[in-house]
Structures are given as C-alpha cells and as structure tokens.
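The values are calculated or read from the model by the stated rules, or taken from the named source; none is laboratory data. Since the model is a prediction, treat every value here as computed from it, not as a measurement. Here the Cβ positions follow ideal geometry from the backbone for every residue, glycine too, while neighbour counts run over all protein chains shown.
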Number of protein chains: 2
Amino acid sequence: MTPVLHGPPTPPLTGLRVVEFASFVAGPSAGMTLAQLGAEVIRIDPAGGAADFHRWPVSQRTGASLYWASLNRGKRSVEIDVRTERGRELVLALSTAPGDHAGLVVDNAVGRPWFSYDALAARRGDVIKVHIGGRSDGGPAVDYTVNTEVGVTDLTGPADTRTPVNHVLPAWDLLAGTTATTALLAALHRRRTTGHGSDLRIALADVALAGVANLGWFSEVRERGDRPRHGNFVYGSFGADFRTGDDERVMVVALTPRQWQALCEATGTAKVVAALSDAVGADFDDEAARYTHRETLAAIMRPWFAARTIDEAAEALTTTGVLWSRYRTMSDVVTDFEAGIASPVLTELDQPGIGPVVSARNPIRDSSEYGPVAPAAALGADTDAVLAETLGLTDAELGALHDSGIIGGPC
Amino acid sequence: MTPVLHGPPTPPLTGLRVVEFASFVAGPSAGMTLAQLGAEVIRIDPAGGAADFHRWPVSQRTGASLYWASLNRGKRSVEIDVRTERGRELVLALSTAPGDHAGLVVDNAVGRPWFSYDALAARRGDVIKVHIGGRSDGGPAVDYTVNTEVGVTDLTGPADTRTPVNHVLPAWDLLAGTTATTALLAALHRRRTTGHGSDLRIALADVALAGVANLGWFSEVRERGDRPRHGNFVYGSFGADFRTGDDERVMVVALTPRQWQALCEATGTAKVVAALSDAVGADFDDEAARYTHRETLAAIMRPWFAARTIDEAAEALTTTGVLWSRYRTMSDVVTDFEAGIASPVLTELDQPGIGPVVSARNPIRDSSEYGPVAPAAALGADTDAVLAETLGLTDAELGALHDSGIIGGPC
C-alpha cells in the first residue's frame, strides 16, 4: 500500500539535468524556471562570464550585477574557455552526457557553429536542443528592437503622444523564456514516448509577432486600419484610471456587467449613467458601449474619486466588489515587502557577493506551496564538481585544465 | 533497423488530451499553445459562451470576435450548461476521463467550488490541474490591474510624463499562459516518473511580481530608490531612437562593445565620441558609461539620422552590423504580410464565421518547421463528438441532453 505523503511534493522536475549556454534574459530565465521546478541546471559561461555578467542594475554595495544574480538563481555555474578546442569539447560532452533525464539544452549561442544541433546530435542522437535566437532568418534582434516592429509602441502612452513609446519591461524576453521551457518539456514528453530528440528554435521576433497576432490585433488592423492611442483606457471594455483627493491613483476595470454595476454602485453614479444610457441610446451592460463612451463615463465618475482619499475610495470599491487596484511604485512594493504584506512569491535571499536581496519564488504553487529558492552561484563555482560528476574527470585532469586556463572557478 | 524519417516530426504533444475550462487571455492562450504543439485540447464553455465570447476586437464583416477566434484556434469546442447538476457532472467526467495521456486540466474558474482540485482528485487521483487566478490570496485581478501594482507604469513613457503609463500589450496574461503550459508539462513529467497528480496554481499578480523581481529591479530600488523615467532609452546600456529625414523612426541598440563600435562607425561619429570620451573621462566600451552619457551620445548621432532617408540609414546600419530596427505600425506589419515578406510565423487562415484572418503559428520551430495551424471551432461544434468519444454517450443520450438544454452546439 502506498504510504500517505505529508508535506509538499517533490519538485516536478527533480532528477532532470539541463545545460544552459545562454545569456541576457530569455535563455537564463528559462534555465532559472527549470531550476525552480527542481531540475539541475548547469549554466555554462565563457571565461570571464558572458556579456551579461555585469549588466545593470548593479549593487551599490559590491558592484555585482543584481540582474545576473537574479536571472541565474538556483543554477550550477561552470566556466569554460570556449575559444579553445578542449573547452568546446567539454561543453559538447556536458550537453550530450548520457541518461534518460539528461541531453537537454537551452542556448542562445550566435556565431558558434560548433554548438549546432547537428554537432550535438552527432554525439547523442536523442538530444533536445532549444535555441533562442533573434529572427527566424537568423538575423539578430533583442527585446527592444522586436518590440518596435510589431506596432505596440504606437498604441502605448498618453493619447496625445506623437512619438512611439517603448515598453520598459522586456516582455518578449520573459515570454520567450517560458516558451522555451514549454518547448523543452514538450520535447521531453515526445522523447519519452517515441525516443526521438528535438531541434527546436524560437525567434524572439516570432514570439512578438505571434503574441500580437494571437490577440486578433493584426486581423483588426486589416479590417479597420490602425487603432488610435487611448492612454490608460482598456480597449474594448471599460477600464480607466482616476486620481484621488490625496493624489494617489487607482485603476478600475469592468469587463463584465456585474463588475460594471459594482462600479456604478460604488461611485454613486448609477442614476447618471442610466440617464446617459437613455440620452445616447447605449446599453452599458454591453462592454463595447462602455468602451465607446469611455471618456464620458470616466468624466462622470471622476469627481467621486477626487472627493475621496485613497483609503476612503479603497473601502468603497472593495466593499462593492469593484475590480480595481492602486498604482504602486517599485518603492511601494519594497515597502510592502519589508512590512510583510506583499505576496509570499517575493522572498528575501542572502545572495553571496551582494548580501540580502528582494528575490522571487517561481509563481507556480504546488499543492499550495511555493517552490524552493536558492541564490546564484559565483561564476564558475561548480566547474570542478560538475565536470567530475558528469564526465568523470579526475583531480589531476581538472588541475591540468585549470593550469592551462581552459576551465575557471575555484580549484 | 529504424527507418530513416522524412519530413517534419510528429508534433511533440500528439496523443495528449487537455481540458481547458477558462476564458480571456491567460488560460485560453495556454490551451492554444498546447493544441499547436499537437495536443487535443477541449475547451469547455458554459451555455452561450464564456464572458470573453464577444470580446473586442470584433470583425466588421460578421461581428464575431477576432480575439476569441484567435485565442481558441485548434481546439475542440464543447458547450455545457454548468448551472445544471448534470452539466457539472459532464464537465467533471471529461476532466477526469481515464488514460495515461489524459486527466490534464487548465482552468481559471472563479467561484466554482464544484470544480476544485479536490473534487477532480476524488474522481481521478492523479489528475493534473493548473489553475490560473488573480491573486495568491484568492482575490480577483486582471492584467490591467496587476500591471499597476508592480511599478512598471512609473518607468514607462516619455521622460516628462507625470502620470503612470499602462502597457497596452497584456504581457502578464501572455506570460501566465506559457507559465501554465510549463507547469502542466512539468507535472506530466512528474506523473510519468512517480505516478503523482498535481494541484498547481498560478496567480497573475505573482507572475508580475516575480517577473519584475527576476530582473533585479526591486533589489535595485531598495538600494537606490525609484529609477526615473528615461523614455525610449534602454536602461543600463545604449539604446535610443532616432528620427530620419523622411520622418521615419529607428531604434538602435548597442549592448556590446562590438555593437557600439559598429554604431559609431555607421554614423561617422567615432572621432567625436572619442573626443567626448577624453573630455568626460568615460570609457564608452563600458555599457554603464554609455548609459550615463546617453543624452549626449544620442545628440551627437541625431544629425546623421536627420540627414538621411530611412532607406539610406538602413543600408548604412545594416552594412556595418548595427543592431537596429524600424518602428512599424500594425498596418505596416499587415502590409509586409500581404507582400509576403513578413516572418512565416504569420499565416493566412480561413476562419469560419469570419473569413480570412492574419493568424500566427506557434513560434517554436520543430526541425526548422513551424507547426500546424487550425481555425477556432464554432462554439459547441464538438460537443457531441467529444462526449461520445470520451464518455461513450450514445446518440439517444446526447439527444436527451440537447432536448433539456444541458448541452449546446449542433445535434
């Protein structure tokens, strides 16, 4: 009889070994996600660290990159000089080491033909390689450039803005990261079912194009032409922001008739809105009508917010079941975190080389528990251990590789 | 001997059956992704369709939702009146039907305790349920509200903007979708390895908090306070936009010394930049120095762009290897698509109920091939076939369910 299990389950990817040979956001965030789900993730860096090793933001305390330390949490770090033949051989050997739960690779290598899928598959036929690149034709691209090419920059920002507005969040990078984890795990399922390996490639530019197309926006533009900017209003429904009397800001959203009725009730505008409905012949239970008349509806509600403090508005909105939120700065988030009232997805972590940092667990809760969290390893910290465990290198061999500068990290 | 395989491989999730009981963006985009990777995805809608069935954008041709049709491509559609006991029983039975490759559920059900993990697990102990919700404490939230709470709205937009700027792209929804597919496939791996089912939950608010934390931004704010807006400049390196003489706009990015040197060469500013380097004592091969002096550096380069047409600038930038892109409207993307020069991730699809639409394949290429693409089924189109195949209902039983209004779709 199976014993009853207590406590949180074993992380779902326990036992998997993934090699990450990537830098910046998309690939490293994929590796971090897999590590958070229990996989052993080995990040391979070229000698001295990849181009992202010093990327901003950096800590004022030590100069170390908060960005790098965040995106590489929970991984093992191996440092290898890939300009050398022997270094490349080690990277290939690590990536194609045997085992049902190994032979799994995420990379964004550019201009490294020696690390192609064919080169890996020649050593291990069922290798699974997920390559993240810029464009599907092989050309380069980064989040900041693909975002300008899909039209979102012309919809973002205040209605009177005359220039494109970039997003600051590298949304396409983050989305490419979880697209890569999805690809890798789907291919692992196929390998367990059919025995076949996989050559999977994801172009950041394609992630952006598909992301916009999936909302129906390109089809809309083909029918109607470009949509104008509409500031902070939500497209096609009612969502608007308001300033309170004490100069705070809130966003309210009414996607459903129930949410709309709650908003009218909370703001005491039900009668005015009903009269407007009669006057303009619009049924505001229809979200399209709410969108069409958004400026007027927002104007009707604005005085209610202006006459109240954020606390007063918050109570009334919450009591009536309005879907709303308060605009927060990142400092506000940190203040909440330090007061212990932020979501437990955020957690304090002692990051060697930096000190305490505001870190995050993976947002996937498993039987109501967030998964484990671990700091980033120092660059090359696991080089010897990984090469010994995975490839069986001896102390003498490791010593020679250190002496010749082919591997880095502590001896 | 294994025969040599020709053509693209079988899609990786062929044979899986996933039940999606969700609406709006995050859950449906997860189901769509799984369908694109080969799974049989059954979307269950309540009678008349969920709250997203008419969501904008809608087609001018037929009034049908381009949004809904896009996010539900490639799925089977089942329509069930879940206000009835028998309807709920059918939903539970579909979700927990037997088979190694079934018992997989994605949902965003709110206020439906009958569809809890415990209710499903009581029928099938190893069920895998991925629930997408608003907040980790069970409270409601949508993309537009969680985005205001993580501080990104205060960094986005022109530097002189005094109000928060929402993103227009529902980035957190899309990211939650691929987080859900990652969760489901990780749990499937665990089930194949250990036999255990999974109760997985993802809060949209947690996806946003973790997304920002993973970039190191909250840690930075704790050390330095809030970062000011910097318009379209890229933080911590050099990225800037420029207007050309013919009133087009380009984004150029130099994250590496090589990209920076290419940009100086292309714009003929190498000597001026070198002189500035001496004058201010900054090494512009260091990206932090490029960021600090971004305004001056951009000012030095601006006349070069202003003196050229977009075509002239494009040729010079491309020849020298600058990382750059052109700002495009969505109409520009559609024009390129119609001219056959957009990425093949975009594809024309004949959507029943609408007509030809600009659709997208999944961005994951499998042995260099994009996966299959299929239109959205009409609401309830597969109700009878799915209930017959999966639960063995007879024609007489289906007829009775139609007569009593418990199931919808064509008889």
Next on the checklist: Which count do you get for residues in the stretch A:71-91 that are among the hydroxyl-bearing types (Ser, Thr, Tyr) and part of a loop (DSSP other than H, G, I, E, B)?
Outcome noted: 1
Checklist outcome for this item: In the stretch A:119-131, anything in contact (Cβ under 8 Å) with a residue 24 or more places away in the chain and assigned to a helix (DSSP H, G or I) is listed as A:119, A:120, A:121, A:123
Item to check | Residue under evaluation residue B:88, criteria (1) in contact (Cβ under 8 Å) with a residue 60 or more places away in the chain; (2) more than 11 Å from chain A (Cβ to nearest Cβ); (3) of a type in the set (Lys, Arg), criterion not met | outcome: (1)
Checklist entry - Here are B:168, B:150: which of them is facing chain A (nearest Cβ under 7 Å), over 21 Å from residue B:214 (Cβ atoms) and among the β-branched types (Val, Ile, Thr)? => result B:168
Item to check | Flag for residue A:110 being assigned by TED's automatic domain parsing to the domain that holds residue A:58, without any contact (Cβ under 8 Å) to a residue 60 or more places away in the chain and within 27 Å of residue B:259 (Cβ to Cβ) | outcome: yes
Item to check | Residue ID - surrounded by the fewest Cβ atoms within 10 Å (Cβ to Cβ), chosen from residues in the stretch A:292-313 that are in contact (Cβ under 8 Å) with a residue 12 or more places away in the chain, among the β-branched types (Val, Ile, Thr) and closer than 21 Å to residue A:234 by Cα | outcome: A:296
Next on the checklist: For the stretch A:91-134, give me each residue that is charged (D, E, K, R), within 19 Å of residue A:51 (Cβ to Cβ) and either surrounded by fewer than 19 Cβ atoms within 10 Å (Cβ to Cβ) or within 14 Å of another protein chain (Cβ to nearest Cβ) (or both).
Outcome noted: A:112
Next on the checklist: Given the options A:159, A:180, A:186, name the one that is at the interface with another protein chain (Cβ under 7 Å from one of its Cβ atoms), out of contact with any Cys (no Cβ under 8 Å at 6 or more places or on another chain) and small (Gly, Ala, Ser).
Outcome noted: A:186
Item to check | Selection status of residue A:234, at the interface with another protein chain (Cβ under 7 Å from one of its Cβ atoms), closer than 29 Å to residue B:154 by Cβ, under 26 Å from the mean Cα position of the chain (by Cα) and at pLDDT 95 or above | outcome: yes
Checklist outcome for this item: Screening B:353, B:380, B:371 for residues that are in a loop (DSSP other than H, G, I, E, B), surrounded by 15 or more Cβ atoms within 10 Å (Cβ to Cβ) and at pLDDT below 95 leaves only B:371
Item to check | Residue in the stretch A:201-222 that is facing another protein chain (nearest Cβ under 7 Å), in contact with a His (Cβ under 9 Å, 6 or more places away or on another chain) and crowded, with 18+ Cβ neighbours inside 10 Å present | outcome: yes
